[in-house]
């Protein structure tokens, strides 16, 4: 009976959107961020890759936008829900010149982006050229051009530009690292994967410091999710040896590397808090939030955790969402499932809008944050 009670209370903590920070932290005033600047990969790319390369085709975007909207999902991403929670519009990609509005921030994320430079030995093929260092450079250019053009009212339309005074008050969201870890998993032994992590984390730290040196003060940093639970990984497993999968069916070794990356990242953030005296740096445990959803999918209103809504993946084949391909001798088109709102994984790698909403609701409350403060009040937190 006692064990059942403990399990029930733990479930309330993990899965109730009302559960958030301590009561004292909920009494902090609201931040009223004037803008969000986001840095990341396809988990938070709202159209950067689509503008720079090839845009996604239907059925991407079908649930919310009813058209492809540059997002690797059927609808909105976690960063969209964060913006909505803070009363701000969805972020325009920095690389998109058509219809963009940077008054309330900008999104520098691009699909395939890494923390490390793409010419590093284990990142040679198939990644975005817009790594974190370049994204921070893009931010620097935007800020410098904003100050330059604000000196002359005749040179530009200010209505779509950031306000110079808002840069120091804005929220800086960083969600990147998954592709670095995944590239190591594909190309390196377990020992070499773990040996590479300090270099990745150090580069992450350097770019966060660069943002601070360029005026950023309010940071919301996501760790990386459970890569070994992505269906594109689990569907490739055939006759696994004991211990290869964890008790929930995720590839244990891949999750172990992700957890080690997260541990080292958190340690660096703790160190940075003492070095960057004017910064508020919130570490968000996205791994636990996503793993909690995946391992409790049916109780949270979703189908089997490893169902893929759009596309086909298996032993010897990958037909990506919206593409045509061959599966067991038959030509198929990677169309979407009939009810994306009941599925966690959109395409085997990325999440559906329904899953993104579930995760976002819980992280903005502060339930998975260190320190445990809601995103709307984080700027006033003092350790």
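Some values worked out for this structure:
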read-out: Alpha-carbon gyration tensor eigenvalues x 5, square-rooted, for segment 324-383, Å; value: 39, 11, 7
read-out: Scattering profile of the chain at q = 0.07 Å⁻¹ [log10 I(q)/I(0), Debye over alpha-carbon scatterers]; value: -0.31
read-out: Share antiparallel - DSSP beta bridges, the chain, percent rounded to 5; value: 35 percent
read-out: Whole-angstrom gap from segment 321-380 to segment 166-220, using each part's C-alpha centre; value: 21 Å
read-out: Contact order normalised by residue count of the chain, Cα under 8 Å, 6+ apart, percent; value: 21 percent
read-out: Nearest-0.05 FRET efficiency for residue 53 and residue 239, computed from C-beta distance (R0 35 Å); value: 0.40
read-out: Computed [θ] at 222 nm, deg cm²/dmol, the chain (DSSP H ≥ 4; -39,500 (n - 2.57); rounded to nearest 500); value: -10500 deg cm²/dmol
read-out: Ranked packing of 281-293, 216-228, most packed first, by mean Cβ within 10 Å; value: 216-228, 281-293
read-out: Per-selection metrics, segment 205-357 (Cα): Rg and Dmax in Å; value: 18.8, 61
read-out: Distance from segment 66-89 to segment 225-245 (C-alpha centre basis), Å; value: 29 Å
read-out: Cα-based Rg and Dmax for segment 292-339, where Dmax is the largest Cα-Cα distance (Å); value: 12.9, 37
read-out: Label-to-label distance, nm, for residues given as residue 247 and residue 318 (7 Å Cα→Cβ offset); value: 3.2 nm
read-out: Distance histogram in 10 Å bins (all Cα pairs of segment 282-373, percent per bin); value: 17, 39, 27, 13, 3, 0
read-out: Ranked packing of 250-256, 347-353, 145-151, most packed first, by mean Cβ within 10 Å; value: 347-353, 250-256, 145-151
read-out: Separation in nanometres of the label points that stand 7 Å from Cα toward Cβ, at residue 256 and residue 148; value: 5.1 nm
read-out: Gyration tensor verdict on segment 80-202 (Cα atoms; rounded if a/c is under 1.5, prolate if a/b is larger than b/c, oblate otherwise); value: prolate
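Read the figures in this text as sums done on the coordinates, not as results from a lab. Quick caveat, the model's predicted, so the values are computed rather than measured. As a convention, Cβ positions derive from the backbone with ideal geometry for all residues, glycine included, and neighbour counts pool all protein chains shown.
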